[in-house]
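In what follows, a single structure is set out as structure tokens and then discussed.
Readers should treat all values here as calculations from the given coordinates under stated rules, not as data from a laboratory. Please read all numbers here as calculations on a predicted model, not as lab measurements. Here the Cβ is made from the backbone with ideal geometry for all residues, glycine too, and neighbour counts use every protein chain on show.
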Amino acid sequence: MKLFLKVLLLVFLVASCSKDEIILSGESKLLSFSIQEISEEFTVSSANMVETTMNEEQELTNLTAAFTVSEKARVFVNGSIQTSGYSKNDFSDDLTYTVEAEDGSITIYRVIINLDAKIKTFRIIELPGIQFNFTDLNITGNAPAGTDLKNLTAAFMITEGSVLIVGGVEQVSEETKNDFDAPLIYKLTGVADDIKDYTVTITVAQKAKPLANAGIDKVVVLTKGSTIKVNLDGSKSSDAQGTISTYEWRIVGGAVIGNTAKVTTELGLGMHSIELTVTDSSGDMDTDMMSAEVRVQGIYTPIDANATQGTIDLFNNIANIANGSQFAFGQEFASTYRLNSISYDVTTSDCKDVVGDHPAVYGIDPHYLMYKTEAQKQNHIAEAKYAYNNGAVVTFDFHQQSKSDNEIYIAKITSETDKSLMYDIVNDLNGSRPWFYDELDEVLDIINNDLGFPIVFRLYHEMNGNWFWWGSAATNHSPALYVDFYKLTADYIKDRTNLVLFGWTPNQGVKQDYYPGDAYVDVVGIDVYEPTTSNLKASLIELSTFALEHGKVATLAETGYRNNYVANNPTFWSSNILEAIEEGGSDVRIGWALAWFNAPWHSDQSKLMIPNSDSSTRVKNDFIEFYNSPISLFMEDIDALNVYN
């Protein structure tokens, strides 16, 4: 019985094993594919092609594939098993991936990375100055007027494996020539046989016509005679692609008055419309117009209604100089200050040593009369009298010391009350106004009793600079505060003398926010050091225009070259100063140009403002040239004009 049961169990087991036999999977599909180092997506086609197209070239030799396959399938490349996200391969050429199912069956997939076909660079060898721009499939460039676009050679770079065709002809970079008169179509075929049409367009600029520029409108002042010389300047006319070959100036409705870029013409009283026509080398023309008004000089009335007749005469006579064709030369302390010494012989001067005559304008500073020795005070007073007695103009500027620290420059002031001195004077604080009036009384005593003749007093100059205690670095400084300070000063002086013409002198240019108004100023000026010819010319034209509009006399109140002019700019006086005034012509109307002094506390030539007898021949000859100019006036010239009568 037991034997029977064992046999029966054995038969059952054999039958069971045969019934549950293991079946292996035959799925060998690549379900997804990507490469970690690139962002483009891959597509897996029914033809077992795994493809993507990259927009930009990239190194493909060592990339990591990430993939999914059928369950229980394995992936091989060149016999090496692959692990998703780990195994690296070279994809620079097509790569075969073998997917092996569990039962050993395989499916072959071909992985292809295409590079998007494109023209990467483009230029024309014969037109190296043209930059080409790419916008989608358009390549554009701009060529100057007159450029010939026929038979030009393109140099280009295209995607590797691509071909560029024009009209059925394969293009070879730097060899194949084409005409670009019209937009040219380049057909680009890539490795995937995709075709792109690039359009190359070169736009040739239209020939630019010349641009006439007759200059700004002018107002000139007739001081004598029936006509005045007026300078016309068309030198700012231009032609972007050629040269201007002819100029023609014409009075509108009248005759031609000149055929050069710059001309000088005689005009009579009234308004004149003037036309400039320019023609370029291609025959193209342009016209511009300007107006020139010739006025008669009116009467100049000082702001002091009680000014003496001599003061009135002085005002009108320096206006005659300013509005005429000449200007006076001046210097601060011309006779008393020499290099390394103070001279007590007021009949001598560095100016006279070099050119044989003294300046026509003498600058005097009460600082050196009030704060120095009595001997120096009397020396400067004698100097001013000598100037007046010989017909020269005397002008005052005041480098006044501060109330407590006795300093001129704000950088040296330590007391807060001195830093706010201008504010305190205007607002009558801290005893500053009585102190200020006492100081002015000393100056007035010199004007009324020591001199007794008219002067030009420029009050608290260079107020827009940050160096004086009345300048922009002062406490509570503002243009409005300065204007109040100037008016207070002028009113005090007017009430105590009738011998003053009042001057206003900002630094460098006309600073109208500091202008006290026409009721407080007779003479307007600017202080300009180290000027270039062009900048000085422009500044003096601006100043002259302002003066004419406001009924004032313009002056170059201070000038010089402080950086060793004898070595670094030896022709300063003829090239920088005289040339700027000459070039300005009737647009520059100044009464004088005043040089700063040759300081007695300096000993070497590098500190001179004008040459002295020891200066080099070159420097002296330059100043002699300045002196010999028919438009510069010195003492003998101004004495003959009798400006005080």
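A few remarks follow.
- Taking other C-beta atoms within 10 angstrom as a stand-in for reagent exposure, W249, W601, W504, W467 fall in the order W601, W467, W249, W504, fewest first.
- On the beta carbon distance between S32 and I195, with R0 = 30 Å, the FRET formula returns roughly 0.50.
- Span from the the stretch 517-562 Cα centroid across to the the stretch 356-370 one, whole angstrom: 20
- Membrane-span-like helices in the chain, defined purely by DSSP H runs whose alpha carbon atoms cover 18 Å or more axially and whose average Kyte-Doolittle hydropathy reaches 1.0, are 2-19.
- Counting every other Cβ atom within 10 Å of each residue's Cβ, T265, T414, T505 order from fewest to most as T414, T265, T505.
- Ranked by how many other beta carbons lie within 10 Å on average, peptides 225-237, 344-356 from highest: 344-356, 225-237
- The phi torsions of the stretch 453-466, fed into the Karplus equation with coefficients 6.51, -1.76 and 1.60 and a -60° offset, translate into couplings of 9, x, 9, 9, 10, 8, 7, 6, 6, 6, 5, 7, x, 10 Hz, rounded to whole numbers, with Gly and Pro shown as x.
- Pairs from K218/K537; K377/K620; K209/K262 whose Cα-Cα separation, in the structure shown, is over 23 Å: K377/K620
- The stretch 357-431: trypsin sites (Lys or Arg not before Pro) falling in loop per DSSP and having at most 16 other Cβ within 10 Å: K372
- Loop chymotrypsin sites (Phe, Trp or Tyr not before Pro), the stretch 413-459 (other Cβ atoms within 10 Å of the site Cβ: 15 or fewer; DSSP): none
- Ordering R338, R433 by the number of other Cβ atoms within 10 Å of each residue's own Cβ, fewest first, gives R433, R338.
- Relative contact order (percent, whole number), the chain, Cα cutoff 8 Å, 6+ residue spacing: 10
- Net charge over other residues, Cβ less than 14 angstrom from the Cβ of T301 (K, R count +1; D, E count -1): -2
- For S32, the residues whose amide H sits under 5 Å from its own are T68, ignoring neighbours fewer than 5 places away on the same chain, with H placed 1.01 Å from N.
- Contour excess over end-to-end distance, with Cα ends at S84 and M370 and 0.36 nm allotted per residue: 93.1 nm
- With a simple spin-label model that places each label point 7 Å from the Cα along the Cα-to-Cβ direction, the separation between D518 and M285 comes to 4.3 nm.
- Count Lys and Arg as plus one, Asp and Glu as minus one, and take only other residues whose Cβ is under 11 Å from that of G283; the net charge is then 0.
- Per-peptide average of other Cβ atoms within 10 Å, ordering 448-455, 579-586 highest first: 579-586, 448-455
- Charge context of I526, other residues only, Cβ under 14 angstrom, K/R +1, D/E -1: -1
- Measuring between their Cα centroids, the stretch 141-175 and the stretch 477-511 lie 73 Å from each other.
- Here the dipole of the chain is about 320 debye; that uses its Cα centre as origin and unit charges on the Cβ of Lys and Arg (positive) and Asp and Glu (negative).
- Checking (i) 46; (ii) 54; (iii) 60 against the coordinates, the calculated percent of Cα pairs over 42 Å apart falls under label (ii).
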